[in-house]
1. Tell me the residue from Gly71, Gly48 that is surrounded by fewer than 16 Cβ atoms within 10 Å (Cβ to Cβ) and on the phi > 0 side of the Ramachandran plot, please.
2. For the stretch 1-103, please list each of the strands (runs of 3 or more DSSP E) lying entirely inside it that holds at least 3 residues being of a type outside the set (A, V, I, L, M, F, W, C) and under 22 Å from the mean Cα position of the chain (by Cα).
3. Could you check the stretch 51-68 and list, in sequence order, the residues that are of a type in the set (Gly, Ala, Ser), surrounded by 18 or more Cβ atoms within 10 Å (Cβ to Cβ) and in contact with an Asp or Glu (Cβ under 8 Å, 6 or more places away or on another chain)?
4. Would you please name the residue that is modelled with the highest pLDDT, looking only at residues in the stretch 383-434 that are over 17 Å from Ile204 (Cβ atoms) and touching a strand residue (DSSP E or B) at 6+ places or on another chain (Cβ under 7 Å)?
5. Looking only at residues in the stretch 188-198 that are closer than 14 Å to Val330 by Cβ and in contact (Cβ under 8 Å) with a residue 12 or more places away in the chain, which one is surrounded by the fewest Cβ atoms within 10 Å (Cβ to Cβ)?
6. Take the residues of the stretch 303-351 that are within 21 Å of the chain's Cα centre (by Cα) and not in a helix (DSSP H, G or I): which is modelled with the highest pLDDT?
7. Please go through (1) modelled with pLDDT of 95 or more; (2) crowded, with 20+ Cβ neighbours inside 10 Å; (3) over 17 Å from Leu22 (Cα atoms) for Val117 and return the number of the only condition it doesn't satisfy.
Amino acid sequence: MSAFGALGDLDLGIQLHGGEPLLLDPSVELLASIARNALVPHHTASIGSVGIVTNGVLLNADRATSLVEAGLRVVVSLDGPQHIHDRHRVTASGRGSHRQVMRGLAALRAVDPDPRVIAVISQPADVGDAIQFFVSEGLSHVKINPVRPEGRGAAMLENSPAAHMVAMADAYFDAAKTIAAHNQRRPEEPIYEENIAILMARVILGETPRTTAADWTLLVDDRGRLWSHPGGYGVAHMAIAEGEPPSAASLSRALGDVGEDVPDRADRLMSRQRETFRPCAGCADPMWCAGFRPLVGGPARSPDCVWRDRLIARLQEWWHESPAEAVSVVRFESGEGSRATPEQSPNPQEEAASADDEPIEPAVQALVDSVRFGPNGHAYVENYADRVLEIRALDPVGSTRTFLQLATLACGYADRDDRRELARSVARLARVGLEPLTRRRRQPFPRRSRLGA
């Protein structure tokens with residue numbers, strides 16, 4: 001952590017999984033505390049999240065309370081109903097673990113009413129059953145990952161990898177329709193599947209992944225060795241540190257010379273991603289390409305791409321045909337919160353008015369009125385999906401002032417640590433109108449003014 005902290009302005013996340021983290025000694029609670037303390041001297045670096053993915057078998061009331069009080073985000077591996085989960089997740093005795101996991105999940109829900117669940121599905125037919133199960137259990141945050149048709153996963157296939165992933169994508173689309181129907185029928189008890197929600201958000205906002213922010217995922221293995229990508233585990237040139245603690249210099253070199261005070265560090269990081277992963281031409285998301293796993297090997301075109309492209313195409317068609325229905329599968333806001341107090345809330349007339357003291361535009365006023373603060377004190381926009389629909393309905397040319405106000409507001413929010421996520425949300429809205437506007441008029445992005453200060 002000290003080496004990361006020395007790189008300057010970074011937002012770090014830690015997740016322990018793949019082995020059972022609740023078996024660790026020292027405990028994950030202690031490890032989380034050590035990691036946070038290591039960053040204390042580095043004021044520009046922070047840990048946004050420390051989490052674990054657990055099979056849930058060892059969760060009980062005492063341990064669940066301990067984990068939550070230590071500030072750990074707990075994700076439980078649960079593949080759905082018993083007939084799906086017990087197919088692959090068995091105990092050392094060979095028995096299915098579904099009942100034990102459900103007991104552990106119940107203990108967690110007693111102290112965290114809205115826990116996260118992650119599932120792995122091997123057959124397209126299981127996706128719908130899993131979603132129905134999660135809905136019936138009242139679990140609102142789930143992520144269902146398809147098994148990649150490679151290695152042991154290839155033995156599960158009934159047809160070709162491409163055909164399998166096309167069928168999987170179609171099953172996910174059917175699940176999206178199920179989620180939308182539930183969320184429209186029960187808006188007070190929504191459910192969100194993370195893969196569907198992320199891809200639909202990209203469709204709605206016209207974004208491609210990782211084009212506006214630089215990030216990188218590294219791997220620390222069970223021997224304490226640091227690798228510069230999870231897919232590069234075991235490949236010599238991907239090792240950053242073996243047997244010795246990493247230094248800020250070794251991290252910087254591995255990530256493209258992105259040390260502190262480097263002005264174009266985001267561009268350098270993205271360039272290093274493409275040099276390392278060698279994606280197909282036009283790939284917007286090279287870091288997670290299934291073709292980049294040297295020890296496993298992969299086809300020229302990743303099955304993940306087949307699945308993602310097919311699902312995006314179907315979501316796009318749905319969005320154009322029925323936007324009010326499609327948007328209900330997306331969770332834009334960042335969590336529960338309360339209306340901002342006058343001390344917390346941006347003053348619309350001061351922060352959203354233009355440099356010439358023009359009146360605040362209605363869409364901008366609606367956005368500012370929707371600002372809430374979550375339990376962590378960070379600001380977000382409630383009912384963000386409604387704001388997206390409002391903005392998309394505006395004519396880019398006729399509503400120039402609205403988009404300029406949004407862009408300037410985003411710049412002002414970005415100066416505050418507790419409003420950075422809010423700034424990103426507002427910037428996305430501004431981009432919805434500014435991108436077609438700049439294509440037509442070739443105007444530069446507006447300069448920062450006193451707005452949003």
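1. Matching residue, one of Gly71, Gly48: Gly71.
2. 10-16, 45-54
3. Within the stretch 51-68, Ala64 is the sole residue that qualifies.
4. Leu422
5. Ranking the candidates gives Glu194 first.
6. Val330
7. With (1) modelled with pLDDT of 95 or more; (2) crowded, with 20+ Cβ neighbours inside 10 Å; (3) over 17 Å from Leu22 (Cα atoms) applied to Val117, the lone miss is (3).
The values are calculated or read from the model by the stated rules, or taken from the named source; none is laboratory data. None of these values were measured; they are calculated from a predicted model. Heads up, the Cβs are rebuilt from the backbone with ideal geometry, glycines too, and the neighbour counts pull from every protein chain shown.
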